[in-house]
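First comes the structure, then the notes that go with it.
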Amino acid sequence: MYAQMVKSEGMKSAEEMTPEERAFQNRIDRNEKIEPKEWMPEGYRKTLIRQIGQHAHSEIVGQLPEGNWITRAPTLERKAILLAKVQDEAGHGLYLYSAAETLGVSRDELMEKLHSGAMKYSSIFNYPTLTWADMGAVGWLVDGAAIMNQVPLQRTSYGPYSRAMIRICKEESFHQRQGYAIMMKMAQGTPEQKEMAQDALNRFWYPALMMFGPSDKDSVHSAQSMAWKIKMNTNDELRQKFVDETVPQAEYLGLTVPDETLRWNEERGHYDFAEPDWNEFFEVIKGNGPCNRERLEARRTAWEEGRWFREGLMAYAEKSAARRKAAPHAAE
Amino acid sequence: MSRKEWPLWEIFIRGQHGLNHRHVGSLHAPDAEMAIRNARDVYTRRKEGVSIWVVRSADITASAPSEKGPMFDPAESKVYRHPTFFDIPDEVGHM
Ligand SMILES: [Fe+2]
Ligand SMILES: [Fe+2]
């Protein structure tokens, strides 16, 4: 998902827990929210910083593939819509960074870790956006997959994270629908436009399935994260739900999901589908996807070239504060 | 690493005329004026408010979570503070 393969601390049984840890787990089991200054196990805090931080980085880096098309949108209206969508993603990043900071990590530290590669962002944003139809596919599939994961996370145990998710979910539906609207337009357009839409679906289908991360049935990390309610569903559950919802949407568009094994399984009440190529996924995670270098470079450059601006505004703020102190009434 | 991080601000928004300002989240900004400008873009992109307050996070004093019991439990036994504590006969009519 936007947070993939987040490592969490080892799982403890009720007997192994300290009385504090047991009381904490009981609060979570009662669906109480945990707030920033309250006692929490160190593992809970660390895992959340990793997860929320990775989620925030994904929102920010996720602006790049779509930002690529803002100046080339086919109409002024499409341009305004895409700009608003990308601006929302910046907002999502900011809500999430603030939530992570309540756990005792600073914004600069998070930035440093993104830029050094110590923290990751979602694999999906390492794929290029080659045509305008990709703006449709990204909104429809990528935001669609993100919604699958973010909706249940509104109920997560950590208060600031849950509130950020509620705010984000309110805005996500616009993202998916504007993407699907682009796909409808293209799919009902000229044969060449329909071909572009099909090509975008072909390229984004498997990377979208990878967003949920590899199967985590036997992972201890996800068992602990699920006990803490910072992961609400298994990766496979969410992936299945995504496929079940998306296939009929593709059919409506008259487009073909690039999976010959895809069929409705009457018995299971779900679609059977092919797994993505997990080797490709691990390569992308390691930094060897088609756009990893370009994405990180863009983020580092923005950070470096914005330094004089951040420092200038800070110096100005300090100077005017000092001036106000020296002459309290003159500044009014 | 930048020389000094912009300070953190808590953002409060009045959603509609007649309502209280409510805490909506926080953000970094060099000063109060920039905090308000940034809050407009971060928290009111869909007309969520008619007024914004910003307060430096460092200036907020909070009650300690560990004192939750002594702080709030005393109110629990004062059930007579609620109108339903008193039985008023139906004949009296609405009160
Ligand atoms: Fe987002
Ligand atoms: Fe989105």
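The values are calculated or read from the model by the stated rules, or taken from the named source; none is laboratory data. Since the structure is predicted, the reported quantities are computational estimates derived from the model, not experimental observations. Note that each Cβ is placed from the backbone with ideal geometry, even for glycine, and that neighbours are counted across all protein chains shown. Only protein heavy atoms, including side chains, enter the accessible area calculation; ligands, DNA and RNA are left aside. Shrake-Rupley method; radii C 1.70, N 1.55, O 1.52, S 1.80 Å.
List every residue pair whose Cβ atoms lie under 6 Å apart, where the two residues are 6 or more positions apart in sequence or sit on different chains, the first residue falls within region B:69-80 and is outside any helix (DSSP H, G or I), and the second residue, located anywhere, is among the small types (Gly, Ala, Ser).
Qualifying pairs under 6 Å: none.
For (1) within 16 Å of ligand 1 (Cβ to nearest atom); (2) at pLDDT 95 or above; (3) more than 25 Å from residue A:237 (Cα to Cα); (4) in contact with a helix residue (DSSP H, G or I) (Cβ under 7 Å, 6 or more places away or on another chain), each residue gets a yes or a no:
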{"residue": "A:2", "(1), (2), (3), (4)": "yes, no, no, yes"}
{"residue": "A:56", "(1), (2), (3), (4)": "yes, yes, no, yes"}
{"residue": "A:67", "(1), (2), (3), (4)": "yes, yes, yes, yes"}
{"residue": "A:73", "(1), (2), (3), (4)": "no, yes, yes, yes"}
{"residue": "A:84", "(1), (2), (3), (4)": "yes, yes, yes, no"}
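Could we say that residue B:79 is open to solvent by 60 Å² or more (accessible area, probe 1.4 Å), under 18 Å from the mean Cα position of the chain (by Cα) and either modelled with pLDDT under 95 or more than 8 Å from every other protein chain (Cβ to nearest Cβ) (or both) here?
Taking the combined requirement at face value, the residue does not satisfy it.
Collect the residues in region A:282-332 that are under 19 Å from residue A:111 (Cα atoms), of a type in the set (S, T, N, Q) and loosely packed, with under 15 Cβ neighbours inside 10 Å, keeping them in residue-number order.
A:301
What single numbered condition from (1) loosely packed, with under 13 Cβ neighbours inside 10 Å; (2) over 19 Å from the mean Cα position of the chain (by Cα); (3) over 18 Å from residue A:309 (Cβ atoms) fails to hold for residue B:45?
(1)
Report, by residue number, each residue of region A:98-130 that is away from every other protein chain (no Cβ under 14 Å) and buried (at least 18 other Cβ atoms within 10 Å of the Cβ).
The answer is A:119, A:120, A:121, A:122, A:123, A:124, A:125, A:126, A:127, A:129.
What's the total number of residues in region B:1-23 that are open to solvent by 40 Å² or more (accessible area, probe 1.4 Å), in a strand (DSSP E or B) and free of Cβ contacts under 8 Å to residues at least 40 places away in the same chain?
Counting residues in region B:1-23 that are open to solvent by 40 Å² or more (accessible area, probe 1.4 Å), in a strand (DSSP E or B) and free of Cβ contacts under 8 Å to residues at least 40 places away in the same chain gives 3.
Which is in a helix (DSSP H, G or I) and open to solvent by 30 Å² or more (accessible area, probe 1.4 Å), of A:232, A:184?
A:184
May I ask you to say which residue of A:47, A:71 is without any contact (Cβ under 8 Å) to a residue 24 or more places away in the chain and over 17 Å from residue A:115 (Cα atoms)?
Unique residue meeting the criteria: A:71.
Which numbered condition trips up residue B:90, out of (1) of a type outside the set (S, T, N, Q); (2) more than 14 Å from chain A (Cβ to nearest Cβ); (3) surrounded by 10 or more Cβ atoms within 10 Å (Cβ to Cβ)?
Condition not satisfied by residue B:90: (3).
Please go through region A:24-54 and pick out each residue that is in contact with a helix residue (DSSP H, G or I) (Cβ under 6 Å, 6 or more places away or on another chain) and open to solvent by 60 Å² or more (accessible area, probe 1.4 Å).
A:33, A:37
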